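*Asks:* There's a structure below that I have some questions on.
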Amino acid sequence: MPRISMILPSISFLVALLTPSAGSASPGDATSCGLFRQLSEEYKLNTAGAALIRDGRVQWTCFAGEEAPGVQASARTRFNVASITKVIVTEAILMEVDAGRLDLNESMAPWWIDPDLVNDPRHERLTPRMVLTHQTGLPNWRYFAADRRLNFEHDPGAAYGYSGEGFHYLAAYAARKLAVPFSDIVESNVFEPLGMRSAAMIAHSEDTRHFARSLDENGVFPGFWCRPGGWCQPEGFASAAGGLRVTVGDLATFLIEAADGLGYGPELLAQRSTVHTPLTGEDADMPCSGDNVTDLPSQGYGLGWRVLSCEDEPLLFHGGSDWAELAIAAISPLSRNGFIVLLNAPNIHGARAMPELLRIIAPDSPLVAHYEQRRDRAEAGS
């Protein structure tokens, strides 16, 4: 059972939040930012940022905490968005596919074979489509294995398996086939056309301006591009699976533009936004509405994006989670309504805070239920 005292804010704050009054908050109003900041402090978040998108425009933003000691978070703060990086990478890949320079259905083997898989003939079957639909058969990360080597957990194309390794594989394939660094593919297709000047995908120790500092439970800062225990990304490394630093504003720009696809045709757009890899069981934890929990929506992965397809309006989204980050970015292509929440704090604090913060920003979203379940699982394991 969750320890209620640890996952709820103070009783006085709950009374203020739940009692209708002239000061009650509606999504995007003047009061909601104050509530967002107060909750961020209650849940001991180092840094937090959020945006509400309505009709394809940013209606509201809010920032809480500090990006560094004595420096308040602001619109300039760059957050680690963890696996939200994957949808930005997806859009860059789909643009190259639309241009005919990459192919979703071809074997990646002529251009890239991971050294750990050379002696396993199943590497011949790996395609970019399998990566984007999370059906490669590869684990999330090889360093979770006892031998720290990359191995297939099941045959490619046979079953769902979320994989950051798959996105690294895709990046290596694309870089070699196009004969350019992978970061250049993302820069030229996404960052530069959209004016995302804050986006930092490459680990450069000299480019850390306005980065939100990630702190562990003891308040220790292990360094930019680093994790507790002394592991740091190599200088110049760019991860296709996570670690992008970006402002709330630039991420909102991307989300709005990506709702219609970044310049590729309707066939690819339809494929991107259709569930190809359904999720079931614990992974399928979102009803279409909080009042009708018997709804069984189609939910799973399209191409790169997670898709929730309800009767009236689909939702495209992706989350991000790391040792000190929890993030969500979501948008509905029909209404062009969406939201972003980026949290910088030890993960358990973010897990406790996220559903409460979403109730301020998007109270009717099925993602509230999703993050309640994540919170409960995190509490049970803590």
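The values are calculated or read from the model by the stated rules, or taken from the named source; none is laboratory data. Quantities reported herein were computed from a predicted structural model and do not represent experimental measurements. Here Cβ is always computed from backbone atoms with ideal geometry, including for glycine, and neighbour counts include all displayed protein chains. Please note that ligands, DNA and RNA were not included when accessible areas were found on the heavy atoms of the full protein model with its side chains. Shrake-Rupley method; radii C 1.70, N 1.55, O 1.52, S 1.80 Å.
*Asks:* Please work out if ASP120 is within 25 Å of ASP147 (Cβ to Cβ) and of a type in the set (Asp, Glu).
*Replies:* yes
*Asks:* Here's something else I'd like to know. Taking the stretch 231-241 only, how many residues are open to solvent by 20 Å² or more (accessible area, probe 1.4 Å) and either in a loop (DSSP other than H, G, I, E, B) or among the charged types (D, E, K, R) (or both)?
*Replies:* Qualifying residue count for the region: 6.
*Asks:* Output the residues belonging to the stretch 131-158 that are open to solvent by less than 40 Å² (accessible area, probe 1.4 Å), hydrophobic (A, V, I, L, M, F, W, C) and within 24 Å of SER273 (Cα to Cα).
*Replies:* VAL131, LEU132, LEU138
*Asks:* Scan the stretch 71-89 and give yes if some residue there is among the aromatic types (Phe, Trp, Tyr) and not in a loop (DSSP other than H, G, I, E, B), otherwise no.
*Replies:* yes
*Asks:* Which residues, counting only those in the stretch 90-121, are out of contact with any helix residue (DSSP H, G or I) (no Cβ under 6 Å at 6 or more places or on another chain) and among the hydrophobic types (A, V, I, L, M, F, W, C)?
*Replies:* ILE93, VAL97, ALA99, VAL118
*Asks:* Here's a follow-up. Going through the stretch 342-380 one residue at a time, which ones are among the charged types (D, E, K, R), open to solvent by 30 Å² or more (accessible area, probe 1.4 Å) and more than 20 Å from SER83 (Cα to Cα)?
*Replies:* Hits for the stretch 342-380 are ARG359, ASP364, ASP376.
*Asks:* Considering (1) under 21 Å from ASN80 (Cα atoms); (2) open to solvent by 10 Å² or more (accessible area, probe 1.4 Å); (3) touching an Asp or Glu at 6+ places or on another chain (Cβ under 9 Å); (4) not in a helix (DSSP H, G or I), say which one LEU334 fails and leave the rest.
*Replies:* Going through the list (1) under 21 Å from ASN80 (Cα atoms); (2) open to solvent by 10 Å² or more (accessible area, probe 1.4 Å); (3) touching an Asp or Glu at 6+ places or on another chain (Cβ under 9 Å); (4) not in a helix (DSSP H, G or I), LEU334 breaks only (1).
*Asks:* While we're on this one: Which one is farthest from THR133 (Cα to Cα), of the residues in the stretch 242-268 that are open to solvent by 30 Å² or more (accessible area, probe 1.4 Å) and assigned to a helix (DSSP H, G or I)?
*Replies:* Of everything passing the filter in the stretch 242-268, GLY249 is farthest from THR133 (Cα to Cα).
*Asks:* Pull out all pairs, ordered by first then second residue, where Cβ-Cβ is under 7 Å, the residues are six or more apart or on different chains, the first lies in the stretch 45-64 and is closer than 13 Å to ILE340 by Cα, and the second is of a type in the set (Ser, Thr, Tyr) and open to solvent by 10 Å² or more (accessible area, probe 1.4 Å).
*Replies:* Between residues of the stretch 45-64 that are closer than 13 Å to ILE340 by Cα and residues that are of a type in the set (Ser, Thr, Tyr) and open to solvent by 10 Å² or more (accessible area, probe 1.4 Å), the close pairs are ALA50/THR61; ALA51/THR61; PHE63/SER74.
*Asks:* Can you work out which of the residues in the stretch 113-162 that are of a type in the set (Asp, Glu) and assigned to a loop (DSSP other than H, G, I, E, B) is nearest to the chain's Cα centre (by Cα)?
*Replies:* If we take residues in the stretch 113-162 being of a type in the set (Asp, Glu) and assigned to a loop (DSSP other than H, G, I, E, B), then GLU153 is nearest to the chain's Cα centre (by Cα).
*Asks:* Name every residue in the stretch 90-112 that is open to solvent by 40 Å² or more (accessible area, probe 1.4 Å) and either assigned to a loop (DSSP other than H, G, I, E, B) or without any contact (Cβ under 8 Å) to a residue 24 or more places away in the chain (or both), in order of residue number.
*Replies:* Of everything in the stretch 90-112, those that are open to solvent by 40 Å² or more (accessible area, probe 1.4 Å) and either assigned to a loop (DSSP other than H, G, I, E, B) or without any contact (Cβ under 8 Å) to a residue 24 or more places away in the chain (or both) turn out to be ALA99, GLY100, ARG101, ASP103, ASN105, PRO110, TRP111, TRP112.
*Asks:* Residue pairs, Cβ under 9 Å, 6 or more apart or interchain, first in the stretch 187-211 and under 19 Å from ALA252 (Cβ atoms) and aromatic (Phe, Trp, Tyr), second part of a helix (DSSP H, G or I) and open to solvent by 10 Å² or more (accessible area, probe 1.4 Å). List them.
*Replies:* PHE191/ASP250
*Asks:* Another one. Give the residue that is least open to solvent (accessible area, probe 1.4 Å), with candidates limited to residues of the stretch 47-70 that are assigned to a loop (DSSP other than H, G, I, E, B) and farther than 17 Å from ARG209 by Cα.
*Replies:* Filtering the stretch 47-70 for residues that are assigned to a loop (DSSP other than H, G, I, E, B) and farther than 17 Å from ARG209 by Cα, the one least open to solvent (accessible area, probe 1.4 Å) comes out as GLY56.
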